[in-house]
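Reading through the structure tokens given below for one structure.
The values are calculated or read from the model by the stated rules, or taken from the named source; none is laboratory data. These numbers were taken from a predicted model, which means no experiment stands behind them. Please note: Cβ atoms are built from the backbone with ideal geometry, for glycine as well, and neighbour counts cover all protein chains shown.
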Number of protein chains: 2
Amino acid sequence: MRSVSIIGIGQTPVGELWDLSARQLAYQAISAAMADAGVDRADALFLGNMLSGALLDQEHMGTLVADFCGLRGIEAAKVEAACASGRAAVRVGTMAVASGFHDIVIVAGIEKMTDTVGKDTTAGLATAADAEYEALHGVSFVGLNALIMQRYMYEYDVPLDAFAGFSINAHRNGANNPNAMFQDEIGLQDYMRAPLISTPINMMDSSPVCDGAAAVVLVPTDWVSEFATGHHRGAVHILASASANDTLAVHDRKDPLFLEAAYISSQKAYHQAKVTPEDLDLFEVHDAFTIMSALSLEATGFARRGEGWRMAHDSEIGLHGRIPISTMGGLKSRGHPVGATGVYQIVEAVQQLTGSAGANQIKDARLAMAQNIGGSGATIITHSVH
Amino acid sequence: MRSVSIIGIGQTPVGELWDLSARQLAYQAISAAMADAGVDRADALFLGNMLSGALLDQEHMGTLVADFCGLRGIEAAKVEAACASGRAAVRVGTMAVASGFHDIVIVAGIEKMTDTVGKDTTAGLATAADAEYEALHGVSFVGLNALIMQRYMYEYDVPLDAFAGFSINAHRNGANNPNAMFQDEIGLQDYMRAPLISTPINMMDSSPVCDGAAAVVLVPTDWVSEFATGHHRGAVHILASASANDTLAVHDRKDPLFLEAAYISSQKAYHQAKVTPEDLDLFEVHDAFTIMSALSLEATGFARRGEGWRMAHDSEIGLHGRIPISTMGGLKSRGHPVGATGVYQIVEAVQQLTGSAGANQIKDARLAMAQNIGGSGATIITHSVH
């Protein structure tokens with residue numbers, strides 16, 4: 001198996017980008033990544049996207065984007081795993097290079113969730129859950145996460161403001177990220193006054209509906225020296241990568257408060273990289289909801305069960321804390337264009353590892369982990385890069 | 001790169017299967033393939049599917065199906081490239097094994113197109129075309145193919161009944177396939193009397209809307225001897241595999257009558273397999289419309305431009321002809337559950353190569369090619385197996 005490296009990254013700002021269509025967003029991220037890598041061609045494009053069929057009446061997005069980017073004649077496909085679509089595409093791109101099928105592969109994540117005429121974004125997001133056993137009965141995707149959070153608070157006797165620190169940390173970091181959707185810090189009072197969306201999830205527990213695209217260029221590690229990357233400290237290498245699934249429906253799980261797929265995929269990633277949680281310099285968590293941050297930290301070995309919420313403080317998860325998370329704003333503040341998020345996380349990890357993270361730079365960051373979740377924990381993909 | 005082999009196949013009958021949901025169809029094909037291969041576990045499932053988001057309000061189908069099949073904890077993802085989704089999933093599964101990421105990989109294709117409450121299947125199929133530059137203006141997917149066929153008849157002075165032989169051949173072969181949707185032979189009069197759908201495409205030029213699922217089990221070729229396959233002549237090996245794209249919108253092509261992506265992907269496949277068209281014992285074409293059979297035969301080296309329609313006769317494409325096509329009924333007679341078709345074609349090639357094709361058996365078949373088309377020629381994936 002060939003080792004795989006990232007030689008270029010690109011991203012659009014995240015937000016309600018009404019003047020940019022899906023293909024235009026993808027083009028901006030891909031052309032930026034190709035320029036960053038110094039390549040003018042590619043052998044394949046794998047596109048992470050969840051909602052183009054439901055919201056844009058457009059499938060076949062892989063070829064659409066390849067065509068629009070002038071990448072004709074190459075392999076192109078869309079990879080979908082709900083909100084983990086972006087990282088599922090990174091997995092496929094990595095396999096394409098590792099196997100020798102391709103040498104230069106672009107992986108992009110794109111989601112266009114706003115300004116979709118006559119479509120229901122909430123219904124679209126519910127397609128990540130089980131249509132017949134969950135969504136049909138009226139529960140939204142936020143509703144499912146609210147049920148998990150409610151149960152967590154009950155089981156572990158957790159106070160209402162316990163999750164505020166995750167949101168405060170994300171916003172503090174997002175304030176320094178020019179690509180973040182929200183660039184304002186928030187305080188405890190802002191959190192406590194935020195309107196409820198689905199009890200107990202409030203506006204500050206929840207990531208926003210938005211548009212965005214991110215891209216990376218992958219090559220065999222042996223080829224890296226042939227490219228002049230735009231980074232001060234050269235290419236970033238994919239050290240470990242694993243994907244695991246759990247039941248799609250939350251009610252089918254033995255314990256809905258434990259992210260089994262996060263445990264499996266992170267244990268595989270630790271094993272492949274020959275590291276322990278203590279070796280990581282940062283961890284990009286999938287903080288679509290603050291409860292997911294708590295559960296991820298528990299399942300990946302940073303906290304005991306029922307104790308993840310206690311880490312929502314600067315000394316634990318801040319930029320100078322024990323394990324910095326959401327270092328560029330996370331899904332909460334940077335934004336969560338669902339099929340793009342898994343690629344944004346990798347792009348941001350590369351920024352950290354190449355000293356390009358600006359005011360949010362983790363000093364001497366050498367090893368990063370990033371975890372992308374599809375559904376309410378049903379597909380979880382973990383990467384380690386260094 | 002590890003060589004990859006197919007050790008098990010499974011398929012459901014194709015038809016309007018109102019009593020089976022998408023997950024049940026997938027389960028039937030996957031469990032049949034696993035039984036055929038003699039495996040009770042897998043490392044990953046890659047699912048080809050196009051329309052679950054548009055017609056079933058269900059994304060995240062990879063994990064849904066893995067969960068329903070009892071394959072928990074493994075990697076799962078959906079791969080989508082319109083009507084080439086099934087074969088795009090075969091590509092990804094092959095990369096997963098070839099790279100060493102996984103050892104036992106299931107690739108399934110599933111589509112549920114009938115009995116979809118309150119959904120418009122024609123609008124769903126149009127998501128394979130360019131939503132902004134084609135579908136928005138009202139052209140359906142049949143309409144796009146009709147424009148291509150009309151132009152072909154004009155440019156090459158082709159008579160109206162010239163395409164009948166493709167349909168007659170498909171139905172003759174489908175009559176002997178117990179999994180085919182249509183098991184009745186047709187004659188020239190049936191073709192000529194068929195109602196027009198979109199001039200000049202009539203009912204007999206066009207593949208049906210239907211449900212179905214097919215699956216294969218992939219392992220490294222080195223592992224084959226460890227499994228007791230259900231086939232008389234053992235495993236089938238993936239000799240060549242290539243995917244190419246063209247412009248999504250037909251009007252953007254230099255020549256809408258030449259399938260550039262079929263040419264590129266078949267030339268790559270010939271090169272990888274070190275064979276020429278003359279070496280093939282059968283060719284599973286993507287006969288979604290009869291015009292596509294003619295164009296495929298031209299672009300893959302069996303006929304000169306404008307001459308593909310002249311091959312629509314038994315001596316050319318019949319079971320004993322120069323290059324047998326649609327040997328189990330093709331998309332026209334077996335049926336075209338869009339995201340599953342690319343996997344059905346591989347399953348049928350395996351039947352031929354292992355002497356399991358029943359009355360349609362090609363004598364001493366040793367080398368098969370199968371080509372899967374997404375959109376009106378925008379994504380074309382070619383495999384050679386032996």
Since B:Ser198 meets every condition but one in (1) away from chain A (no Cβ under 13 Å); (2) among the hydroxyl-bearing types (Ser, Thr, Tyr); (3) over 19 Å from the mean Cα position of the chain (by Cα); (4) surrounded by fewer than 20 Cβ atoms within 10 Å (Cβ to Cβ), which condition does it not meet? (4)
Given the residues B:Ala215, B:Ala244, which is the only one that is part of a strand (DSSP E or B), out of contact with any Leu (no Cβ under 8 Å at 6 or more places or on another chain), modelled with pLDDT of 95 or more and not assigned by TED's automatic domain parsing to the domain that holds B:Glu348? B:Ala215
Assess whether A:Ser85 counts as being of a type in the set (S, T, N, Q) and either buried (at least 24 other Cβ atoms within 10 Å of the Cβ) or free of Cβ contacts under 8 Å to residues at least 40 places away in the same chain (or both). yes
Does A:Gly8 fit the bill of being at the interface with chain B (Cβ under 8 Å from one of its Cβ atoms) and buried (at least 21 other Cβ atoms within 10 Å of the Cβ)? no
Residues located in the range B:54-74, provided they are farther than 17 Å from B:Val209 by Cα and facing chain A (nearest Cβ under 7 Å): B:Asp57, B:Gln58, B:Glu59, B:His60, B:Gly62, B:Thr63, B:Leu64, B:Ala66, B:Asp67, B:Arg72, B:Gly73, B:Ile74
Within the range B:103-124, can you find the residues that are buried (at least 24 other Cβ atoms within 10 Å of the Cβ) and in a helix (DSSP H, G or I)? B:Gly124
Criterion first (more than 8 Å from chain B (Cβ to nearest Cβ) and touching a residue at least 60 places away in the same chain (Cβ under 8 Å)) does A:Ala22 satisfy it? yes
Expected single match for within 12 Å of chain A (Cβ to nearest Cβ) and not basic (Lys, Arg) among B:Ser225, B:Ser296, B:Ser265 is B:Ser265
Looking at the structure I just gave you, is B:Ala32 surrounded by fewer than 24 Cβ atoms within 10 Å (Cβ to Cβ), in a helix (DSSP H, G or I), modelled with pLDDT of 95 or more and not charged (D, E, K, R)? yes
Given the residues B:Glu75, B:Glu80, which is the only one that is among the charged types (D, E, K, R), more than 17 Å from the chain's Cα centre (by Cα) and surrounded by 24 or more Cβ atoms within 10 Å (Cβ to Cβ)? B:Glu75
Which of the residues belonging to the range B:129-148 are touching a Ser or Thr at 6+ places or on another chain (Cβ under 8 Å) and touching a residue at least 40 places away in the same chain (Cβ under 8 Å)? B:Ala129, B:Ser140, B:Phe141, B:Val142, B:Gly143, B:Leu144, B:Asn145, B:Ala146, B:Ile148
Hits in the range B:43-66 (condition: assigned to a helix (DSSP H, G or I) and touching a Lys or Arg at 6+ places or on another chain (Cβ under 9 Å)): B:Ser52, B:Ala54, B:Leu55, B:Leu56, B:Met61, B:Gly62, B:Thr63, B:Leu64, B:Val65, B:Ala66
Selected residue [crowded, with 24+ Cβ neighbours inside 10 Å and over 25 Å from B:Ile6 (Cβ atoms)] from B:Gly377, B:Gly342: B:Gly377
Kindly list, by first and then second residue, each pair from a residue in the range B:39-62 that is in the same structural domain as B:Val219 (by TED's automatic domain parsing) and in contact (Cβ under 8 Å) with a residue 40 or more places away in the chain to a residue that is of a type in the set (Asp, Glu) and part of a loop (DSSP other than H, G, I, E, B), limited to pairs with Cβ atoms under 7 Å and residues at least 6 apart or on different chains. B:Asp43/B:Asp103; B:Met50/A:Glu59; B:Ser52/B:Glu59
Out of the residues in the range A:361-382 meeting the condition of being over 21 Å from A:Phe289 (Cβ atoms) and touching a residue at least 60 places away in the same chain (Cβ under 8 Å), tell me which one is farthest from the other protein chains (Cβ to nearest Cβ). A:Asp364
Members of the range A:93-107 that are closer than 12 Å to A:Ile6 by Cβ and either at the interface with chain B (Cβ under 7 Å from one of its Cβ atoms) or not hydrophobic (A, V, I, L, M, F, W, C) (or both): A:Gly93, A:Thr94
From the residues in the range A:135-192 that are in a helix (DSSP H, G or I) and β-branched (Val, Ile, Thr), which one is farthest from A:Gly375 (Cα to Cα)? A:Ile168
Just need a number here: residues in the range A:273-297 that are under 24 Å from A:Asp157 (Cα atoms) and either among the small types (Gly, Ala, Ser) or over 18 Å from the mean Cα position of the chain (by Cα) (or both). 4
Out of the range B:298-323, which residues are under 24 Å from B:His271 (Cβ atoms) and buried (at least 24 other Cβ atoms within 10 Å of the Cβ)? B:Ala299, B:Thr300, B:Gly308
Can you find a residue that is without any contact (Cβ under 8 Å) to a residue 24 or more places away in the chain, farther than 26 Å from B:Val209 by Cα, assigned to a helix (DSSP H, G or I) and not assigned by TED's automatic domain parsing to the domain that holds B:Gly62 anywhere in the range B:349-360? no
Checklist (1) crowded, with 24+ Cβ neighbours inside 10 Å; (2) of a type outside the set (Val, Ile, Thr); (3) within 24 Å of A:Ala340 (Cα to Cα) applied to A:Asp281, failing item: (1)
Can you tell which of A:Phe141, A:Phe46 is more than 9 Å from chain B (Cβ to nearest Cβ), surrounded by 24 or more Cβ atoms within 10 Å (Cβ to Cβ) and of a type in the set (Phe, Trp, Tyr)? A:Phe141
Out of (1) within 23 Å of B:Gln58 (Cα to Cα); (2) touching a residue at least 12 places away in the same chain (Cβ under 8 Å), the odd one out for B:Val117 is which? (2)
For A:Glu348, all conditions in the list (1) buried (at least 20 other Cβ atoms within 10 Å of the Cβ); (2) more than 24 Å from A:Ala123 (Cβ to Cβ); (3) in contact with a helix residue (DSSP H, G or I) (Cβ under 6 Å, 6 or more places away or on another chain) hold save one; what is the number of the exception? (3)
